[in-house]
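Here the structure is laid out as structure tokens; the discussion comes afterwards.
The values are calculated or read from the model by the stated rules, or taken from the named source; none is laboratory data. From a predicted model like this one, the values you see are computed outputs, not experimental measurements. Cβ placement follows ideal geometry from the backbone for every residue including glycine, while neighbour counts extend to all protein chains displayed. Just so you know, the surface numbers come from the protein's heavy atoms only, side chains and all, with ligands and any DNA or RNA stripped out. Shrake-Rupley method; radii C 1.70, N 1.55, O 1.52, S 1.80 Å.
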Amino acid sequence: MELRLTDLDRPEGFERLVLAEDASAGLRALICVHSTVLGPAAGGCRMWNYANDAEAIADVMRLARGMTYKNAMAGLGLGGGKSVIIGDARRDKTPAMMRAFGRAVDALKGIYYTAEDVGISPQDMVYAAAETRYAVGLSDASGDPSPWTAEGVFRCLGIGAAHVFGSADLTGRRVLVQGLGHVGLSLAEKLHVAGADLIVTDIHTAALEDTKTRLEATVCAPDEVFDQQMDIFAPCALGGVLNGDSSPKLGARLVCGAANNQLATPGIAEKLRARGITYLPDYVVNAGGIISVASEIHGTGDAWRRERLDGIAGRVAEMLTRATAGNCSTEQIADQMVEQMLREASAA
Ligand code: NAD
């Protein structure tokens, strides 16, 4: 069977939801374009062993909408989209599958740019890019986005610390980094250089041993995060970590990390605020990676990428001022800022 694209029904507010199938390449994927109001949609491709199509559809739509907000806030001239390939990345992924996925992206004629996400490596993008110029985040172009994400989070952490503790100086601040992957490890290294007192955790022990000695960190078990005494919590693992059970136990006064969708439900932001905890919205502070990828899409240079990265911290400072003045959460302020941008662009 050749590649077949089917437009699926989608809720109001979403522009496209496409099922891409190529049986001979083993591909079953969904591409969701949430908004192109601010420019072509951009967002990574995730490969995951979803239990069924409904689960994959819910995930791709939630992620695509999130990219609209992230890209708008970072001032990238890009809309929001995302794709998911259904399958086990370790077992099912092949170069032929990634090439078929590249053909599916190409068939959308540039309304969507794809890049790496969970389960998809830079090499996979090279296969996809053989079929489309709308696959980005390539090693020989903008390169690994993770260091850019870590740098953006680190800078926001300083802004947040100045707001909460009255000083951006992190010397002696107890910071818990959850997840020592591409972003978390790079962030932990920066925090160590800045003099922070690190607590680290990961479900894989190899990264922990090295970090413990090299970064003089205390290690805690993954399920003991919310028992720790800390000033700052930096979630850099998976989403949903702050939920109805965990957030009342959190001992930190500031939350600033790279993980996407840290709040299990939007109401958690308000609950944290009521406990005197400042939460910096994940999609604002973790935009460094997509900024780097956007520089590849637009063909802009390193100066453009650095300027956008500098902009993240400025926006966080503005959000904190507005949230304090308005007696509301930074999450609410961030959403309002993006929604206003989208309204103005739609009306123009
Ligand atoms: P990664 O897969 O390299 O690292 C994640 C780490 O978290 C792994 O070491 C994993 O073992 C660990 N982990 C998973 N579950 C855990 C748990 N319950 N407790 C402790 N550790 C756990 O991923 P990454 O690229 O470093 O991204 C980290 C997070 O940041 C993800 O949520 C990702 O979506 C988000 N993010 C990443 C980027 C980027 O540029 N890489 C950009 C924006 C957002």
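Looking at (1) without any contact (Cβ under 8 Å) to a residue 40 or more places away in the chain; (2) under 20 Å from I120 (Cα atoms), which is the only condition A54 fails?
The failed condition is (2).
Of the numbered conditions (1) closer than 27 Å to L242 by Cβ; (2) not in a strand (DSSP E or B), A141 satisfies every one except a single condition; which is it?
Among (1) closer than 27 Å to L242 by Cβ; (2) not in a strand (DSSP E or B), the lone unmet condition for A141 is (1).
Give the stretch 190-208 a look and list any residue that's open to solvent by 60 Å² or more (accessible area, probe 1.4 Å) and either on the phi > 0 side of the Ramachandran plot or within 13 Å of the ligand (Cβ to nearest atom) (or both), or say none.
Matches in the stretch 190-208: I203, H204, T205, A206.
Each row is one residue, and each column tells you yes or no for (1) within 11 Å of the ligand (Cβ to nearest atom); (2) closer than 14 Å to L157 by Cβ; (3) not in a helix (DSSP H, G or I).
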{"position": "V225", "(1), (2), (3)": "yes, no, no"}
{"position": "A237", "(1), (2), (3)": "yes, no, yes"}
{"position": "G251", "(1), (2), (3)": "no, no, yes"}
{"position": "G257", "(1), (2), (3)": "yes, yes, yes"}
{"position": "N261", "(1), (2), (3)": "yes, no, yes"}
{"position": "T265", "(1), (2), (3)": "no, no, yes"}
{"position": "K271", "(1), (2), (3)": "no, no, no"}
{"position": "G276", "(1), (2), (3)": "no, no, yes"}
{"position": "G289", "(1), (2), (3)": "yes, no, no"}
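Anything in the stretch 47-103 that is in a helix (DSSP H, G or I), within 21 Å of the chain's Cα centre (by Cα) and farther than 19 Å from G288 by Cβ? List them, or say none.
E55, A56, I57, A58, D59, V60, M61, R62, A64, R65
Give the residue, chosen from V293, V316, that is touching a residue at least 60 places away in the same chain (Cβ under 8 Å), within 16 Å of H163 (Cβ to Cβ) and either of a type in the set (K, R) or within 16 Å of the ligand (Cβ to nearest atom) (or both).
Values: V293 fails: within 16 Å of H163 (Cβ to Cβ).
Answer to the check: V316.
Anything in the stretch 211-221 that is free of Cβ contacts under 8 Å to residues at least 24 places away in the same chain and either surrounded by 13 or more Cβ atoms within 10 Å (Cβ to Cβ) or in a strand (DSSP E or B) (or both)? List them, or say none.
Within the stretch 211-221, the subset free of Cβ contacts under 8 Å to residues at least 24 places away in the same chain is 212-214, 218-219, 221.
K212, T218, V219, listed by residue number.
Residues of the stretch 156-190 being within 21 Å of the chain's Cα centre (by Cα) and either part of a strand (DSSP E or B) or without any contact (Cβ under 8 Å) to a residue 40 or more places away in the chain (or both), which ones?
Selection gives V175, L176, V177, Q178, H182, L185, A188, E189.
Out of everything in the stretch 21-46 that is modelled with pLDDT of 95 or more and in a loop (DSSP other than H, G, I, E, B), what residue ends up being nearest to A347 (Cα to Cα)?
Residue satisfying both the conditions and the ranking: V37.
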